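Colleague: One structure is given below, represented as structure tokens, and several questions about it will come after.
The values are calculated or read from the model by the stated rules, or taken from the named source; none is laboratory data. None of the values given here were measured: they were computed from a predicted structure. Ideal geometry is used to build each Cβ from the backbone, glycine not excepted, and the neighbour counts take in all protein chains shown. For accessibility, only protein heavy atoms count, side chains too; no ligands or nucleic acids. Shrake-Rupley method; radii C 1.70, N 1.55, O 1.52, S 1.80 Å.
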Amino acid sequence: MSRTAIYPGSFDPLTNGHLAIIQRGLKVFDRLVVAVANNVSKRPLFSVEERKQLIAQALDGDSRVEVDSFDGLLVDYCRKKGVTTVIRGLRAMSDFEYEFQLANMNRKLLPEFEAVFVMTGEDYFYVSARLVREIAQFHGDVSGLVPPNVDIELRKKIASRQP
Ligand code: ADP
């Protein structure tokens, strides 16, 4: 029986931290669905379609990974996909508190819901998409923190936004 998990997140943009979670997740699961959350209230830098494209490019056609997006509640998306296991990354204690609350709330909404946590490695514990966006906005070097295609598109995006 093949095991599938959903890896949900904003991925605005995909970072090497996210990629490490995907690669490590694939050691435990046969298939992953990377699901980009369409959360308009977060005023994203990249559109959902752009984020999906960046993820697909960085994964270079890995057939074990599906790249998708969802609106609304994660548990509704889980029901729709028929997948009730979710994988999330854990960095600091601050991630733990939020994830603990979220996992329990999701299980309340969907009793079959299960969250599996992958602890970040020493290389990426300080990497977040928010920090990457902030550094890129001020033309800082994020080349070691994101895959090469994201680095290129980030530069273009920031340049197109400058007055
Ligand atoms: P952000 O990267 O800004 O924290 P996301 O919503 O894109 O936000 O994150 C999606 C998931 O990936 C979350 O579970 C988050 O904890 C995890 N994640 C993000 N960056 C890392 C990292 N560097 N190491 C481990 N997990 C991470």
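Colleague: Could you list, in sequence order, all residues of region 39-65 that are in contact with a Ser or Thr (Cβ under 9 Å, 6 or more places away or on another chain) and at pLDDT 95 or above?
Modeller: Residues satisfying the conditions are VAL48, GLU49, ARG51, LYS52.
Colleague: Looking only at region 1-22, which residues are within 11 Å of the ligand (Cβ to nearest atom), open to solvent by 20 Å² or more (accessible area, probe 1.4 Å) and touching a Lys or Arg at 6+ places or on another chain (Cβ under 7 Å)?
Modeller: Matches in region 1-22: SER10 only.
Colleague: For region 23-38: of the residues being surrounded by fewer than 22 Cβ atoms within 10 Å (Cβ to Cβ) and either within 10 Å of the ligand (Cβ to nearest atom) or of a type in the set (Ser, Thr, Tyr) (or both), which is farthest from SER69 (Cα to Cα)?
Modeller: ARG24
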